[in-house]
Every structure is written in structure tokens, then in C-alpha cells.
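What follows is a set of notes on a single structure, which appears directly below.
The values are calculated or read from the model by the stated rules, or taken from the named source; none is laboratory data. Because the structure is a prediction, the values reported are computed rather than measured. Note that each Cβ is placed from the backbone with ideal geometry, even for glycine, and that neighbours are counted across all protein chains shown. The accessibility values were calculated without ligands, DNA or RNA, using every heavy atom of the protein model including side chains. Shrake-Rupley method; radii C 1.70, N 1.55, O 1.52, S 1.80 Å.
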Amino acid sequence: MTSIQNIYIGKVRNSAVLDNNTRIVQTSNRISAFDFIFPFEIEKKAEILQALSVFYFQKTEHIIENNLIGCLNETHTLVKETKVFPIEIIVRGYLTGSIWRLYESKGVEGVFAEYAVTLPQGMKQNAKFPKPIITPTTKADGGHDLPISCARASEIIGKDNWDYVEKKALELFEFGSLEAQKRNLVLVDTKYEMGIFENKIILVDEVHTPDSSRYWLLNETNCMNPKQLSKEFLREELIKFLGKPEEIKGNPANHLIFQDKKVVEEISKSISDRYQELFKLFVGDISPYEISKPNLIPWPISPDAFAKSISLSLMPENILIIGNGGRDYSLFSAFAKLPEVKNVFCASGKRKWEHAKYRLCPYTNVDEIAQFASDNHIGLVVAGPELPIAQGIQAACEKHNIPVLAPSLACASLESSKIICKEIIQAAGIKTATAQIIAWNDLKKLLHEYLELNYTAQFTLPCVLKYDGLAAGKGVFVLFTKEDVYNALVSIEINLPEWEKLSAQVNTDTYSKQMKTPCFLIEETLNGEEISAIALCNGNEFRLLPMARDYKRRNDGQTGPNTGGMGSVSPVCLSEKILGQIRTTFEKTLKELSKRNTPYRGFLFAGFMVDENQEAWLLEYNCRLGDPETQVLLPGLQRDFYTELLNTAKGYSFFNPNKSGHEFNHDGLKRIFLVAASPEYPEKSAPRRELSINNFLQNSCEFIPTAIEPDCTTTGGRAFGLLASSKTFSQAQKNIYCSIENYYLKNSDGSFCKPHFRLDIGKEFCEISQGQTPLKESL
Ligand code: AMP
Ligand code: GLY
């Protein structure tokens, strides 16, 4: 029996790869323009798109074979599963669009530098080329396609393949131009995708459709602004509401205008009408169904099985994220990017998170959040920080039958109690620092004695003190000197009442609660490099997110006080030996927890210290995604991450259980996140300051608000961050440090100050991109 191997959810199409080398493709009514998916759908678009694809594939079959096997119905086709070349072949007949902009600004030389194509001098906009030219681009899953020369394309896919592809592309373009002429149209430019199936090069995707091509009316070829008969018209409808693309700041799909139902109805109706007009113009007076009908073939698996698998991968329309930090904003933004998600409710307090899909959920307590989720038809709740987890959000949602990604209270003790965590780690046989439990009263005596006498038998430096309970990241003290001991003592005395209050607010068990007195660990100090490993765990199964690093100290060179994180990088490249130890650590922990009848479901964050012998020591567990690691991790993850996340939240096993233990797919880009904090951070609280952005310099980074209020002011320590994504760490670092110069904080007296940020985030990895691998070699 045929079975599904993998599910993909694309911008416009969903598909399932079957084990017999075929793929079911479902065309949806989703809409993508300017490279973004818009938060509404267009009626009848799916049928029209499929019919146009089938229509033109049939017309070009005599030139080159294509991947269409047949239609399963009006919106589903069966295609050959092809190894697609990683390039797009763009054929252009006229000087228009991006190549005109290049020609106009940089001349013949500029075009040659980018495409190695020599155009005549003095051409006018929209003029016809002497003969069609090919300008290939690379294909990027995330990010933008990059133009390349034909010679480079030939290197990428091999000369023989390229020669064939080039020849067929020109034949197709010539044929397409003649076909267009018959309908009083001009095929201006178009894109082909090809790949290998059973040792043959075939066409994939679509050909000569208005979605993949630019057409003009024949009688308008000589005018400056010919009517666009392609998906460009989507832009036109959108521009009516949003203004010109160059005037729109940020992602136009996030525009608040799309929160207005009436506007959305109006736009989608006019786009749907234009799609229907276009269909008539290209195909004639028949219905989409009449095109699919002669090509109907039986389903290889039942339509229900396909629909069910897709629905297991599709996120629910309404999602709720709890939390208001940088990590939580990244979660919000990652879910908001998914085409099928309509509303992302945020229990975030009031934050300046402007986005078409943003909806506010009041943050009160976990029972009220769960009730809100139930009242608002939320299909998935994701908890960002530890507090709602330790207050029992998992059980609260379960009561309402709402899928939730958060571990149970029993599992949350891994983070809420350092002592319970240590016991579990040791019982699981995981390598960790030795530690001794001590009650606060005894520790206090010991520390005083040490300070007075410079010595006590039970306490030697260096060592690490860890408060048993939740302490908002302030409960760990790494002690090297007598001064450190003094500072730790003062800090504990000041903060302990606050920590105890926090402990009383959460429902997790801690060792201190059992003993009815605050307790600590005195732990052996470990040396080495720190690595953050995060796994999505589902009982005994787990998948790894890429490895990351957090820069905890305030100042360059890992100096100054500990902070909530001044920056992060990912992916960190580790040796197989270290990765193996990390995997084993998760395996053993999950087994131990299952043995105790408390299986772990949710994100599990493991902090490791990797020593000079390449041994990974487990420092800590957190029951959530890391902050600021999440900011560099989520943007590169692909669909398999969301599919397994949803399955875990629903309490189902993984969709792909055989991939347990492996990393999630990733776009391969290097990411650096830089935190910008108030100058006082973390010593003193910050006064209210307004954020001011100049954009004098290039700004190629994503802005991630951490503590920016709706009036654009901040009082928070870590105010915001910038995220750079690039092919190399060096480029990402350059982008970050150039962009950050655009940001200022305005004092109440009108003067400006610069936020505090570190200058060395990602430094050691920039050396990696220049050909070295310090982590692999030095560890
Ligand atoms: P934890 O909350 O246990 O991760 O501790 C916070 C930070 O303290 C870690 O990220 C390390 O930088 C440091 N730390 C914790 N335990 C140790 C240890 N045994 N040796 C050295 N540093 C440690
Ligand atoms: N980045 C460490 C944490 O989130 O606890």
C-alpha cells in the first residue's frame, strides 16, 4: 500500500511525498506577493492556478516532458517526485522589471557584472532584446534568490545538464511567445524550474502561467506603462490600500489594515474577480474543471488520508503565545509567518508588537488564560517563560482539551528545583558537576566563617552556589575569590525574600518546599565553553534544534556581571563526539522521566560545559526555549519543526518517529542576535527613554522588541535586539554592527544616549567562516 513519507506546506501549495516516488500537490487559495504570504485567501484561486498549470503543461509536452502525472480533482494533482535543480531559469524578452532597474542605475556594465550578459547601449525601458536572454538565479528557501551568470549555473548543475536546460528554456520561450501572440499577448519574461526524474531532465512547477510569467497586451508593447497581465496585479490591488512598495515599511503582509474584515473582503473580492478575468483571457470561455476533467486519475491514497496528514501538519488558525520577552516575540513572529495561521493571541502584557495577526490576550493566571483560549477557539498554546509552566499551564489547558506545548508540573521541577534536577540527572547516569545540598541557615554560617577565617573545611574556592528555586536568572553564583563570596552573600540576603515569594507563587515541587526551608547546592566548578542545546521532547522521542551559544556576561570578552543574555549565535558547529554526548544526555533524561511516570513533553533546554577533552558536562536544564537563543533558532527552522511541535502538543507521537534524535531541518543561514540594553543594565533600573531610529546607515537586520512599550519607550534593562541572518557569520556580524548604529535612546531632557551592547558577539565564529573551526579544534 502506498504511504506518505513527508509533508510540505509551501507559500501557496501543500504537498505529500509518497513512497512510490510521486507527490500529491494541493493548490490552496493562499496568496503570496512581494515574497510575503498575506493573511487572507482568494476564492477560486486554487482551481484557476491548477487549471492554468495543467493547460500549459499539456501545450508544451512536445518540447519537454513535465512532472504532471494527472489531476486528482480540481485542486489536487499527482506529480513525479523530481530532484529539482537549485536554480531558477529566467528567460527575458524585454528590458523591464529588475533588469531595467539595474540597467538604468548601473548601465551595461552593471548588467554584465551581475549576469555576464552584454546588452546594447542606449536601450529604453520596456524595449525588446535583440534575442531572448537567460538570467538564472539561485533558489533560496528562506531569503531572496540571488542572480547568477549562466557559467555559474552550469557549474552548479553540471555542463551537460545546463546545455540541455538552456536549449529547452529558449525553445519553450519561443513557443510561449507564439502562443501568447495568438491571444494578442506578449510573453515578456518567465521562469522555468527543471530537475531530474529517472535520469531525464523534466519541467517542474508551472510553465507560462501568469503566476510564473509577465505578460503584456500586444498593442501596449510600445507604451511606458503596459498593463500587467500577471500576478503583478495583486500588487496593484494591494498598493491601492498600502501605498507604493518602496513606501511600505517592513513586511506589507503584517500591515494592520488586514485586521479590518471589510477591507480584506474588498481586496480579496477584487483579486478573485481579476483572477477570473485573467483565466478567461488566457484559456478562453471554459471552466477550470473542464481542464482538469480529461486528466483525472484515481487517488494513490485515500483523499481523507491525505487531508488528515495535511491537517496534522497545518497549524490551527488561532494560536496563543504566553510571554513578553525577546524569545516570546520570536515565537510570535515565527507562528505569524505561517500561511495558515490567522491570529496569534499573545498573553504578553502591553507590548509594541504591531502586526496584522497580533491579538491581545490578557495575562492573569494560567486558569484564566486557558479559559480565554477555550473561549477564543485557540488550537495551540505555547508557553515561552518558566512562570506559566511552573504555575501549571499544561494541566489548565488539558482541562479544556486545548493542545499545549509546555511540560507538566512534575517535569517543570527540572527547572524550578536545582536539587530535584540534580537528583534526576545523577539517577539517569549523566555527566555533571558533583554537588552537595545545604540549607540556607547552614550556608550562611559557612560563608560568614569563610569570610572571617579565610578557610572552612566544607567550603573551598572555586565553587558554584545555586539557589534551589526559581530566581529569574539571579540564583547562581560562580565564586573564585573572597570578594565573590562576599558579593554572593550580600546578593542572597537581599534577594532571598523575593525568591521565596516567587516559589510560593508556583505549583511545582522543590526540595526546599519538601524541607520547609530554603536550600542551596554547593557545586564543583567546571571549565570550558558553554553550549545551549534545545530539544523538542515527546515522551521518549526528541528532535534537536540547531546548537546555539548565549553570551551571558555584560561586557566584551565574557567580563562584567551576569545578565539575561547579551547576544546569541547559531548554528554552532560541534564535533560528532560532542553531539553524540548531547543526544545521549537527552535520551537518558527522557528514559529516566518516563520510568518515573512523568514523561516529558515540550522544549527541554540543556546548558552544557564542554571541557578541553571534548567532554560535555550538563550544567542545567530549563523547561522551555532559551532566551536569547530562540531569537537565532526559530527563523531558520522549517516545516518539520512545526509539524512535530503540533503533534507533541496534541499528545500524539511524532509524525516522523524514525527521525527521533536528529536535528530539525534548517535553512543553513548563520544568525547573530545582539541585545541592546539601557546603559545602567543590569546594575540599576533604567529611567523611561524613547527609542529613536535614524536609519542613516544600512539596516539589514530584523528588529526584535524586548521591553518596548506601545508608546515606543522603554524602562526595561534589555530594551531590544537586532537579528542578522547571512550566509557567513562574518557578514552577519558586519550587518549587526552597522545596523545598531542607527538606534538611540532619548532621555527625558531631550538628549540622546546609545544603548549598551557588546562588540564581540559571534567573534569566535567569524573565524570559522574564514576557514577555521575553533570549536571543533580547540575542544
Ligand atoms: P545554571 O542556571 O545552572 O545554568 O547557571 C547559570 C550559569 O552559571 C551557567 O550558564 C554557567 O555560566 C554558570 N555555571 C553553572 N554551573 C556551573 C558550574 N558547575 N561550573 C561553572 N559554571 C557554572
Ligand atoms: N539562555 C539561557 C536561558 O534561557 O535560560
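Spin-label model, LYS482/ALA151: points 7 Å from Cα along the beta carbon direction are separated by 7.1 nm. Solvent-accessible area per residue in the chain equals 43 Å², computed with a 1.4 angstrom probe and all protein chains kept. Axis angle, to the nearest 10 degrees, between helix 45-60 and the longest C-alpha principal axis of the chain: 50 degrees. Eigen-decomposition of the gyration tensor built on the alpha-carbon atoms of the stretch 1-135 gives equivalent ellipsoid semi-axes of 36, 18, 15 angstrom, largest listed first. Distance between the pseudo-spin-label points of LEU281 and ILE693 (7 Å out from Cα toward the beta carbon): 3.7 nm. The sum of -39500 (n - 2.57) across all DSSP H runs of n ≥ 4, divided by the residue count of the chain, sets its helix-only mean residue ellipticity at 222 nm to -10500 deg cm²/dmol. In this simple spin-label approximation, SER653 and ASP711 carry label points 7 Å from Cα along the Cα→Cβ vector, and these lie 5.6 nm apart. Taking Rh as the Kirkwood radius computed over C-alpha pairs, what is the Stokes-Einstein D of the stretch 108-170 at 20 °C in a medium of viscosity 1.002 mPa s, expressed in µm² per second? Once the numbers are plugged in, D ends up at 163 µm²/s.
On a 0 to 90° scale, report how tilted helix 440-453 is relative to the longest principal axis of the chain, with both axes built from alpha carbons and the result rounded to the nearest 10. Helix 440-453 sits roughly 70 degrees off the main axis of the chain. Based on Cα contacts under 8 Å between residues 6+ apart, the stretch 1-72 shows a relative contact order of 18 percent. Looking at the stretch 616-709, which chymotrypsin sites (Phe, Trp or Tyr not before Pro) are in a loop (DSSP not H, G, I, E or B) and have at most 14 other Cβ atoms within 10 Å? Passing both the DSSP loop test and the Cβ count: TYR652, PHE696. Enumerate by residue number the GluC sites (Glu not before Pro) in the stretch 655-685 meeting two conditions: DSSP loop (anything except H, G, I, E, B), and at most 16 other Cβ atoms within 10 Å of the site's Cβ. Here the sparse-neighbourhood loop sites are GLU680, GLU683.
Of the trypsin sites (Lys or Arg not before Pro) found in the stretch 706-736, the ones in coil according to DSSP and having at most 15 other Cβ atoms within 10 Å of their Cβ are LYS727.
Here the chain exposes an accessible surface that is 50 percent carbon and sulfur, computed with a 1.4 Å probe and the other protein chains kept in place. Helix 576-595 axis versus longest C-alpha principal axis of the chain: approximately 70°, rounded to the nearest ten.
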